[in-house]
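One structure below.
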Amino acid sequence: MSTNGAHLRSGHWDPLGVVPDGDGVNVAVWAEGAEAVDLCLFDDDGTEHRIDLRESTFHVFHAHVPGVAPGTRYGFRVHGPWDPARGRRWNPDKLLVDPYARAVDGVVDLRAEVFGHVREGHDDLVRDVRDSAPYVPRSVVVADDFDWLGVTGPRIPWGDTVVYEAHVKGMTARHPDVPPHLRGTFAGMAHDAVLDHLLRLGVTTVELLPVHHFTDEEHLVRDGLPNYWGYNSLAYFAPHAAYSASGSRGQQVNEFKNMVKRYHEAGLEVVLDVVYNHTAEGNEFGPTLSWRGIDNAAYYRLADGGRRYADYTGCGNTLDVSHPHVLQLVMDSLRYWVQEMHVDGFRFDLASALARSLHDVDMLGPFMQTLQQDPVLRRVKLIAEPWDVGAGGYQVGEFPPLWTEWNDKFRDTLRDFWRGAEVGVGDLGWRLSGSADLYASEGRRPYASINFVTAHDGFTMRDLVTYDRKHNEANLEGNRDGTDNNRSWNHGVEGETTDPAINALRHRQIRNQLTTLLLATGVPMLVSGDELGRTQQGNNNAYCQDNEISWVDWSLEPWQEGLLEFTRTLLRVRRDHRVFRQRHFFAGEPVFEGGPKDLGWIDVDGTEFTDGDWHSPTNRTIGMFLAGWHRERDHHGDAVDDHSWLLLLHAGAEPTDFVLPGAPWVATYRVEVDTRSDDGSDGDEVLAAGDAVAMTGRSAVLLRVLEPGVAPPAD
């Protein structure tokens with residue numbers, strides 16, 4: 001059916017998308033090179049009405065269509081030449097999702113009809129003329145009618161931030177206090193039980209795995225598996241419909257906003273993991289769902305004369321953010337999530353792919369420059385995953401000011417140290433003190449480093465001490481997927497065991513990892529469930545496991561309850577004491593004449609580290625002294641005094657006696673945390689300079705300084 005609409009007006013080329021105005025909708029879709037664009041409106045019974053968008057300004061096809069109300073489902077059909085060998089893949093027989101759709105209704109059914117080319121023979125050069133509409137989702141018209149009631153984000157300074165990486169469904173699917181109909185949804189994430197856990201834990205910022213509307217890859221559908229993580233985006237403005245408890249005809253938008261509002265009321269930030277480096281359309285043999293059918297050569301980086309796709313992501317295609325309009329799409333999307341959805345920042349998946357200009361990563365390229373000058377985006381949290389799979393893509397330490405980075409060197413160093421690898425402690429010193437070797441240049445601060453030991457991608461912290469090898473058989477890829485470089489140790493038995501000695505050591509090793517992670521300088525990132533001893537049964541790539549392998553199990557054994565309390569204790573220490581939240585790099589100099597250095601490294605005999613200690617590959621014991629008298633200034637500019645602390649780390653297998661240093665460091669100490677205990681309790685033991693702390697093999701002890709070795713001068 002085709003209709004031109006008797007009362008159609010020309011409308012305007014800006015803003016892009018389908019935007020209600022009280023008298024219908026303004027429709028605008030950018031499609032440079034296209035010959036014509038149809039707006040396709042769908043009745044509740046599925047009847048399609050096509051409207052030819054006759055006006056075109058600046059390559060934007062536009063119109064004002066009266067009588068179209070919020071909740072209306074729609075899509076686009078775009079006409080143009082079919083010449084895949086040169087990157088031209090227009091096919092009006094394929095219904096397309098609006099790149100600016102605020103909501104999406106329905107799912108992709110990966111039948112042959114949704115592919116722009118004929119599937120038979122696997123030839124991407126022959127156009128498929130079958131209608132895809134019955135098998136693809138609809139875009140939904142959405143009105144902005146949410147009342148924020150003046151609630152705004154807490155704007156937590158980077159130096160005070162503790163990131164908690166979580167999955168909307170995984171966090172709530174098994175939570176006994178979340179009502180069953182809310183589990184796995186934005187409403188479930190906003191439930192009091194979840195908020196109470198986060199607040200009592202002591203994190204400040206929840207980083208959600210992708211919530212842009214996404215779909216499943218073809219190979220997963222073929223194997224009967226889902227895309228669980230969500231790194232396969234289909235709509236950059238739309239909350240994922242399956243995460244909505246209230247329906248999918250646009251209600252998911254307000255449900256997401258209500259979740260953010262509740263987090264802000266509780267003093268918590270919300271950061272989104274976003275995937276602008278590639279899309280759900282895959283390579284040249286993938287489905288035609290949106291961008292490919294609108295202007296393939298503009299949206300994607302192409303190769304082989306335009307037929308193939310340059311793939312810097314390992315996912316089949318790479319979005320070409322160097323193109324002005326594609327860059328506009330990404331920036332419009334980011335601003336929308338900040339200004340309309342009120343999120344507090346973003347973690348950019350494979351951020352190096354976004355920074356590429358032609359082929360090379362360029363920190364002065366279009367994406368980086370545009371983001372830097374944007375008055376909205378430069379004020380929110382920006383986290384880079386500083387690598388992609390292309391040549392030169394590994395960029396840890398290379399992103400400019402404003403950016404923080406996932407620091408995989410921190411991850412690898414801590415894993416190696418605690419598993420007993422003969423790597424010494426030289427690199428550990430850098431990681432514990434903020435990774436100044438990576439971030440001290442260009443005006444960056446210690447909080448440029450997002451410190452992590454585990455992430456969604458890889459072993460959980462429990463599995464890190466339980467498995468030597470990955471066990472990804474459930475992914476149906478012959479256990480070939482996922483990294484083999486886990487830097488893990490099973491402590492003598494592969495997998496779970498009832499051996500009490502092995503379990504006691506494993507549990508202590510988890511506490512050791514948490515201690516170093518949460519007390520190190522930088523911004524710690526904790527993965528949901530690690531504080532509860534969550535296991536993925538050895539699966540280190542659970543991207544397609546929407547089941548108990550991935551979901552957080554809230555039923556806890558006694559040791560897990562102790563682990564939760566232990567984590568709360570560490571985060572409370574970090575929150576209450578500025579010395580663990582450094583805003584400036586350490587100087588390594590005395591904080592006052594005759595006093596201790598702001599940062600001191602202590603050997604097991606109580607003396608300061610020598611060059612030999614730093615360079616010995618067999619050294620597995622180190623003390624880190626943090627001075628509390630160096631007048632660190634908080635984010636208000638006020639001087640901050642604090643206690644001084646001594647953190648002892650011993651990764652050797654055998655017990656050792658660590659002699660406590662005296663003047664100028666300390667006179668008396670009190671043990672605050674000891675990883676020998678299930679919950680870190682210590683009995684308030686007080687020790688003097690020269691006393692020895694009897695350290696169990698593979699353990700950590702945190703001591704608070706009660707009396708300094710040299711008194712600081714009076715004000």
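Can you tally the net charge around Ile549? Count Lys and Arg as +1, Asp and Glu as -1, for every other residue whose Cβ sits under 12 Å from the Cβ of Ile549.
Result for the local shell: -3.
Please list, in order, the residues from segment 7-34 whose amide nitrogen is less than 17 Å from a point placed 7 Å along the Cα→Cβ vector of Asp145.
19-26
To make sure I understand the rule: partners must be lysines, Cα under 19 Å from the Cα of Lys257, and not fewer than 8 residues away in the same chain. Which ones qualify?
Lys169, Lys381
Between Glu477 and Glu608, what is the FRET efficiency for a Förster distance of 35 Å, r being their Cβ-Cβ separation, to the nearest 0.05?
About 0.10, to the nearest 0.05.
I'd like the antiparallel share, as a percent to the nearest 5, of DSSP beta bridges with both residues in the chain.
The antiparallel proportion sits near 75 percent.
Might you report the magnitude of the Cβ-based charge dipole of the chain about its Cα centre, with Lys and Arg at +1 and Asp and Glu at -1, to the nearest 20 debye?
Charge dipole of the chain: 740 debye, to the nearest 20.
For Rg/Rh (Cα atoms, Kirkwood Rh), several values are listed as [x] 1.09; [y] 1.11; [z] 1.01; flag the one computed from this structure.
It is the value labelled [z].
Give me, ordered by chain and number, the residues 5 or more places off Thr57 or on other chains with an amide H under 5 Å from its own placed amide H.
When sequence neighbours closer than 5 places are left aside, the close amide H contacts are His62.
Which order, highest average first, do 110-120, 447-457 follow once you tally other Cβ atoms within 10 Å for each residue and take the mean per peptide?
Output ranking for 110-120, 447-457: 447-457, 110-120.
Out of the DSSP beta bridges found with both residues in segment 203-362, what percent are antiparallel (nearest 5)?
Bridges in segment 203-362 that DSSP calls antiparallel: roughly 45 percent.
Given a Förster distance of 41 angstrom, what is the FRET efficiency for Glu589 paired with Ala501, based on the Cβ-Cβ distance and rounded to 0.05?
E(calc), rounded to 0.05, equals 0.35.
Modelled label-to-label distance, Arg54 and Glu654, 7 Å Cα→beta-carbon offset: nm?
9.1
Hey, got the dipole for segment 517-569? About the Cα centre, +1 on K and R Cβ, -1 on D and E Cβ, debye to the nearest 20?
Computed charge dipole of segment 517-569: roughly 200 debye.
For segment 345-394, what is the charge dipole size about the Cα centre, in debye to the nearest 20, if Lys and Arg each add +1 at the Cβ and Asp and Glu each add -1 at the Cβ?
The calculated dipole for segment 345-394 is roughly 280 debye.
In what sequence, highest mean first, do 369-377, 12-20 appear when ranked by Cβ atoms within 10 angstrom?
Highest mean packing first, the order is 12-20, 369-377.
Fully extended, how many nm does the chain gain between Asp457 and Arg575 (0.36 nm per residue separation, minus their Cα-Cα distance)?
Extending this stretch completely gives an extra 39.7 nm.
Distance between the C-alpha centers of segment 373-409 and segment 16-47? Whole Å please.
Between the Cα centres of segment 373-409 and segment 16-47 lies a distance of 36 Å.
Quick check: residue separation of Ala266 and Arg222 times 0.36 nm, minus the Cα distance between them. What number comes out in nm?
Extending this stretch completely gives an extra 11.6 nm.
Near Met331, within a Cβ-to-Cβ distance under 15 Å, what is the net charge of the other residues, with Lys and Arg +1 and Asp and Glu -1?
Here the count lands on -2.
Which listed residue (Val493, Ser322, Val693) has the Cα farthest towards the positive end of the charge dipole for the chain, taking +1 on Lys and Arg C-beta and -1 on Asp and Glu C-beta about the Cα centre?
Ser322
Answer with one residue from Gly286, His117, Val206: the one whose Cα lies farthest towards the positive end of the charge dipole of the chain, charges on Cβ with Lys, Arg +1 and Asp, Glu -1.
The one lying farthest along the dipole's positive direction is His117.
For segment 505-535 and segment 335-371, what is the separation of their Cα centres, given in Å?
What the calculation gives is 29 Å, centre to centre.
Among Gly17, Thr567, Ala241, whose Cα sits farthest toward the positive end of the charge dipole of the chain (+1 at Cβ of Lys/Arg, -1 at Cβ of Asp/Glu, about the Cα centre)?
Farthest towards the positive end: Gly17.
Mind ranking 698-706, 566-574 by how tightly packed they are, going by the mean number of other C-beta atoms within 10 angstrom, highest first?
Ranking the peptides 698-706, 566-574 by packing returns 698-706, 566-574.
Okay, helix-only estimate at 222 nm for the chain: each DSSP H run of n ≥ 4 adds -39500 (n - 2.57), divide by all residues, round to 500 deg cm²/dmol; what do you get?
Helix contribution divided over all residues of the chain: -6000 deg cm²/dmol.
Quote the FRET efficiency, to the nearest 0.05, computed for Thr152 versus Leu556 with a Förster distance R0 of 41 Å and r equal to the Cβ-Cβ distance.
E between Thr152 and Leu556, to the nearest 0.05, is 0.70.
Please give the length that would be gained between Val126 and Ala440 if that part of the chain were fully extended, namely 0.36 nm times their separation in residues minus their C-alpha to C-alpha distance (nm, one decimal).
Between Val126 and Ala440, full extension yields an extra 107.6 nm.
None of the figures in this text is laboratory data; all of them are computed from the coordinates on show. Remember, it's a predicted structure, so these values are computed and weren't measured experimentally. Note that we place each Cβ from the backbone using ideal geometry, even for glycine, and neighbour counts take in every protein chain shown.
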